[in-house]
Amino acid sequence: MPWKKPFINSALLAAIALLLAAFQWSEEDFTQFISNKLIKYRSARPVEKAYLHLDKPYYVTGDTLWFKAYLTEGSLHLADSASNLLYVDLIEQRSGRNAALKRVQLTGGVGHGEFVLTDSLAPGAYMIRAYTNWMRNSSEDFFFQKNLYVFDYEENNSSNTNTGKTDLQFFPEGGQLVADINTRIAFKAVNEAGLAQEVAGFVLGQSGDTVASFKSEHLGMGRFQFAPKTGESYRAFLKENDGKVTPFAFPKIHDSGFTMLVDNLSSPLKMRVIAYAKIPGKTEIPVHVVGHSRGIVAFVAKGKVTNRGLMMQLPTTELPDGITHLTLFDDAGKPVCERLVFVDHSRSLRVNIKPSKAEYKPREKVDVEVTVTDSAGKPVEANLSLAVTDAGQILQQPLDQNIASYLLLSSDLKGFIEQPAYYLDPTKPQRKIHLDYLMMTQGWTRFKWEDVLADSIPPTKRYVEQGITLEGDTKRNNKKLTEKTVLSLFVSNDSLSNFLTAETDENGHFTVYNLAFSDSLQLRLQGMNKKGNQNLSFTLNPFDPPRASVVKIPFKPVTVDAQRLADFLKNAARDQEISTKIRENRERLLREVTIKAKKEVPRDSRKLYSSADATLKVTPQMSAGYTSILDMLQGRVAGVSVMGSGMNAVVSIRGNRGEPLFVLDGMPVDKQLITSLSVFDVESIDVLKGASAAIYGSRGGNGVISVLTKRGNENYDYSQDIVPGVLVTKIAGFHTPREFYKPQYGPTNPPAPNPDFRSTVFWAPMLKTGSDGKARVSYYHSDATGSADIHVEALTPTGLPGFGKSAYPVR
C-alpha cells in the first residue's frame, strides 16, 4: 500500500476549533453531531486544489507555454498539500484528445514547467488541466482547467458570431417554490458555446396573464420577486431579438415545503436569514441553520419557523473569505433548503510591483521590486510567479482568472465562470450584487449531505502520490498467475542506482510506489525465484489520463484585437525564420567540408524507396522516457502530428485527412503492432510524404511511416537480445523544467545581430519574498517599444492568495 501523508495537520485542526468556538447558539447535541459528521467526511475525503499561472493567454505554433503550479489543501488553502506529483496536460478542445502531458514534481506545494508547442501541433482551441491522482476520486469538474488558443502564422481572425440556441434556467432561492410563499428566483442564460447570453422575458400564469418579467443584469444573470399561487401553473418565455418568443421550463410549484432567503449585502458585519414553511398540521417547526466554509462548520443556529416565518441575524466577522454554504435542516434533521453566500473581508494579499524607472529604452536593463503585504499592511513571506509580456503583441484578458479568484471562488463552484476576477475587484461598484446572482445560479457540489450523514463512507479508489508509480502485470507462459510471485527490480540513471523488490498479487498484478526521479529511469525487471523465471513475461501499464469533455461549438476563448494579433504572428514568424536560417547556415558549413573518399553503403533491402522525406535516428538518449514509438515521434518531424499517447495516439501527416500507412521492416502492418513495439528495439523511423509515398500505391495516399528495427538489420548483434523472463526498459519520471532564456544586452556584451521581439519578455516562476516581504528581479527588455505588462501571482504558506499587475512604457 502507498504511504498516505495526513491531510489534516495541527494548523487545520486549530482553525476548525476556532471556527466552532465562535458560534454557540444551539444545543450541544446537534452542533456536535453535524461537526463530527463533517470532520469525519473531510478526513476521509480531503480536498486538494491545483492552480496554474501561465505566462500569457494565447500562443502560436513554435511557441513555448510556461506555467507555475500551486497545490493547496482545500479548506484553508495551506500550501504543501499531501501530493508531490501533479499531472498537467494539454487537451485539444475539438476532439477532447490529450496532446501532451507533464508530470510536475512539487516541493512545498509549488512546481513549474513548460510545453513546447511544436509546428506539428494543430492550431486551435485548447484546454490546460492540472490534477493529482487523489483529485481523481472526485468529479473532474474540480480539476484546474483553463482555456487558451494556439494560432498559426496565417491565422484568419474571423470568428463565428452565431451563438446558437440559448439555454435559460431558473433557480428559486433556497431550492424550491412553495405555493403562497413570496420568494426570489434567479436565472442564468448561456449560448451553445457555454458563454453568457443577455436575455429578457416574462412569466405567464395559466390564464395567460403576465405575472412577472425579467431581464439579465450581468453576464446573462439576474433575479426577480415571485409569489406562486396554489393550484396555478406557470410558463416562462424568452424574447428573441427578431421579436419571436421562445418557451422555457419553469420550476415546479410545491404545495408544501420550506423556503429560505438570505440577505448578505445590507451589512458587512452580518447576514440575515429568513425561513418560511408550509407544512400541513404544523404551526411551529424547530429548524437548524448550518453554515460551513469549504467543509469546516462555521456555525449552527437553532430557531422555530412559525406562521410569520423565522428571521436570524448571523454575524460574518469570523467567517473566512470565500464561499459559505448555508443549509436549513427541518425538525427531522433532513436538509430542505440550501444557499451559497460569498464573504468578502478583503483579506487577500496586497501585491505591489515597482519598476526602478518611470520608462525604459529597448534592450535596456529592467529592475523590478515586488512587495507583498497582508491586509493590515504587514510584510509577509510568500511564493511568487512573475510574467512580463509585450503589450503590443499580447492583450491580457480583462478580468481573467487569478489565484485569488480561483481559490476563493471558482474552485468551489461547478461549471465555467466568466470573468471571475470581476467579482473580487473593489473598483467594480456592482460586483457584490452580481456575485450574489452567481451564488444563486451555480451550486457547490463537492459533496452531498446524504453522503456526509451516511453511517459509512465508501473507500477511495485512488491514493495520494508522493512520487512516480510503476504498475504492471506478470504472466507465466502467457497465462495469468495463480500465486503471488516475488520480483526484483534494478533501477538506474546517471545519478542513482537501486535494487528493489516487489510482490505480485494472486493475479500477477504488481505496483511500486513513490519512485522519485527526473527525466527517465532504466529498469530491469525479473522474477526472484529461479524456477520458471524464463517463462515470465511483463507488461507495464502506461498512465491513463482522464477523458476530457468536448466543446460542441469550438470558439476562441481569448479576446485580442486584429493589430495585436497581426504583430504577434508577424514577430513569431520572424523568430521562426531566423531559427530556420541559423540551421541552414550550419548545414551549409557542413556541406563545405571536402570529401576525399566516399564509402559505399549497401542498399537496405527493407526499403522499397530510395530516400525518405525525413529520417529520425533513434538513440538511447532520445528514447529515454518514452513507452511508445509514436510518443517518441511527436514533435520531432515537421508536419507529422501525433495526438494522444500510447494505444490511443492518432497520427496524421500535414495535408492528409486519414492516418498514414505503417510499415515495419518493409512489411505493411497495423498501428497497434507499431505502438506495442519497445522503443529500444527501433533503429530509425522514415517518413514519406506525397510523391515519395507513391511507391506504396493507394495505400500510401496519406503518407507512410516506416519503422526499421535493430533486429531487422542484417548487421544486428544478437548478443543484445533480451534474456527470456527479463524486461529491460525505461520509465518516465518527473518533468525536468527548462530555464527561461534571458538575453544579455549589457554594455560589455557584443551587440546581438538578430532582432528581439519576444512576446513573453521575462518569466520567473519560483520567486520568494523575504521577511521584509520583498523580491527583486532583473532582465533586459526586447526591441519592442510601447508598453510592457507585469503580472504577479502570490501565495503564502498559510493559504493567503494575492495578485498584482503593473506596466511600464518603452520608448
So which residues in region 475-526 are among the aromatic types (Phe, Trp, Tyr) and in contact with a Lys or Arg (Cβ under 7 Å, 6 or more places away or on another chain), if there are any at all? PHE490
Number of positions in region 90-124 that are surrounded by fewer than 20 Cβ atoms within 10 Å (Cβ to Cβ), farther than 30 Å from ALA382 by Cα and among the acidic types (Asp, Glu): 1
Matching residues in region 291-332 - criterion: being among the small types (Gly, Ala, Ser) and either under 30 Å from the mean Cα position of the chain (by Cα) or within 18 Å of GLN176 (Cα to Cα) (or both): GLY291, SER293, GLY295, ALA298, GLY309, GLY322
Every pair of residues 6+ apart whose Cβ atoms lie under 6 Å, when the first sits in region 347-363 and is under 18 Å from ALA775 (Cβ atoms) while the second is in a strand (DSSP E or B) and of a type in the set (Phe, Trp, Tyr): PRO355/TYR808
Return yes when ARG272 is surrounded by 14 or more Cβ atoms within 10 Å (Cβ to Cβ), closer than 30 Å to VAL792 by Cα and touching a residue at least 24 places away in the same chain (Cβ under 8 Å) and no when it is not. no
Test for GLY773: is it farther than 30 Å from VAL637 by Cα and either among the charged types (D, E, K, R) or surrounded by fewer than 17 Cβ atoms within 10 Å (Cβ to Cβ) (or both): no
Any idea which residue in region 400-452 is farthest from LEU52 (Cα to Cα), counting only those that are at pLDDT below 90 and in a helix (DSSP H, G or I)? GLU450
Identify all residues within region 106-128 that are assigned to a strand (DSSP E or B) and either of a type in the set (Val, Ile, Thr) or closer than 26 Å to HIS77 by Cα (or both); write none if there are none. THR107, VAL110, GLY111, HIS112, GLY113, GLU114, VAL116, MET127, ILE128
Pick out, from region 634-740, the strands (runs of 3 or more DSSP E) lying fully within it that include 2 or more residues that are touching a residue at least 60 places away in the same chain (Cβ under 8 Å) and buried (at least 19 other Cβ atoms within 10 Å of the Cβ). 640-643, 682-688, 704-709, 726-732
Regarding region 296-315, can at least one residue be identified that is outside any strand (DSSP E or B) and surrounded by 15 or more Cβ atoms within 10 Å (Cβ to Cβ)? no
Would a scan of region 203-218 turn up a residue that is buried (at least 20 other Cβ atoms within 10 Å of the Cβ) and charged (D, E, K, R)? no
In region 417-460, anything more than 21 Å from the chain's Cα centre (by Cα) and among the charged types (D, E, K, R) is listed as ASP425, LYS428, ARG431, LYS432, ASP436, LYS448, GLU450, ASP451, ASP455
Result of the Cβ filter at 6 Å on region 116-134, keeping first residues that are free of Cβ contacts under 8 Å to residues at least 24 places away in the same chain and partners that are assigned to a loop (DSSP other than H, G, I, E, B), at least 6 apart or interchain, is none
Is it the case that ASP567 is of a type outside the set (Val, Ile, Thr), touching an Asp or Glu at 6+ places or on another chain (Cβ under 9 Å), within 27 Å of VAL663 (Cβ to Cβ) and modelled with pLDDT of 75 or more? no
Using the structure shown, decide if THR324 is out of contact with any Lys or Arg (no Cβ under 6 Å at 6 or more places or on another chain), within 30 Å of ILE433 (Cβ to Cβ), among the hydroxyl-bearing types (Ser, Thr, Tyr) and surrounded by 19 or more Cβ atoms within 10 Å (Cβ to Cβ). yes
Residue list for region 60-86, restricted to those being touching a helix residue (DSSP H, G or I) at 6+ places or on another chain (Cβ under 9 Å), part of a strand (DSSP E or B) and either among the charged types (D, E, K, R) or modelled with pLDDT of 95 or more (or both): TYR70, THR72, GLU73
What is the one condition in (1) at pLDDT 90 or above; (2) farther than 21 Å from ASN98 by Cα that GLU659 does not satisfy? (2)
Does at least one position in region 354-375 carry a residue that is polar (S, T, N, Q) and within 30 Å of VAL60 (Cβ to Cβ)? no
Answer yes or no: is there a residue in region 260-276 that is farther than 22 Å from LEU438 by Cα and not small (Gly, Ala, Ser). yes
If you check every pair at least six apart or on different chains, which have Cβ atoms under 7 Å apart with a residue in region 42-62 that is closer than 15 Å to ASN133 by Cα first and a residue that is among the basic types (Lys, Arg) and part of a loop (DSSP other than H, G, I, E, B) second? VAL47/ARG446
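Residues are listed down the side, and each one gets a yes or a no for (1) within 18 Å of TYR808 (Cβ to Cβ); (2) under 30 Å from the mean Cα position of the chain (by Cα):
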position: PRO355; (1), (2): yes, no
position: PRO362; (1), (2): yes, no
position: GLU369; (1), (2): yes, yes
position: VAL372; (1), (2): no, yes
position: SER375; (1), (2): no, yes
position: LYS378; (1), (2): no, no
position: ASP390; (1), (2): yes, yes
position: GLN393; (1), (2): yes, yes
Could you tell me whether any residue of region 220-233 is in contact with a helix residue (DSSP H, G or I) (Cβ under 8 Å, 6 or more places away or on another chain), surrounded by fewer than 16 Cβ atoms within 10 Å (Cβ to Cβ) and of a type in the set (A, V, I, L, M)? no
Can you find, within region 458-493, the residue that is nearest to VAL512 (Cα to Cα) among those that are of a type in the set (Gly, Ala, Ser) and assigned to a strand (DSSP E or B)? GLY472
Identify the single condition in (1) closer than 30 Å to VAL370 by Cα; (2) among the basic types (Lys, Arg); (3) free of Cβ contacts under 8 Å to residues at least 24 places away in the same chain that LYS448 does not satisfy, given that it satisfies every other one. (1)
Of all the residues that make up region 513-550, how many are farther than 24 Å from ARG103 by Cα and either in contact with an Asp or Glu (Cβ under 7 Å, 6 or more places away or on another chain) or at pLDDT below 80 (or both)? 7
Would you mention how many residues in region 207-243 are within 26 Å of GLU418 (Cβ to Cβ) and among the basic types (Lys, Arg)? 3
Against the conditions (1) touching a His at 6+ places or on another chain (Cβ under 9 Å); (2) assigned to a loop (DSSP other than H, G, I, E, B), where does VAL388 fall short? Just the number, please. (2)
Being closer than 16 Å to MET260 by Cβ, modelled with pLDDT under 95 and out of contact with any helix residue (DSSP H, G or I) (no Cβ under 9 Å at 6 or more places or on another chain) narrows it down to one of ALA301, ALA332, so name that one. ALA301
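The values are calculated or read from the model by the stated rules, or taken from the named source; none is laboratory data. Note that this is a predicted model, so its numbers are computed, not measured. Using ideal geometry, Cβ is built from the backbone for each residue, glycine included, and neighbour counts are taken over all protein chains shown.
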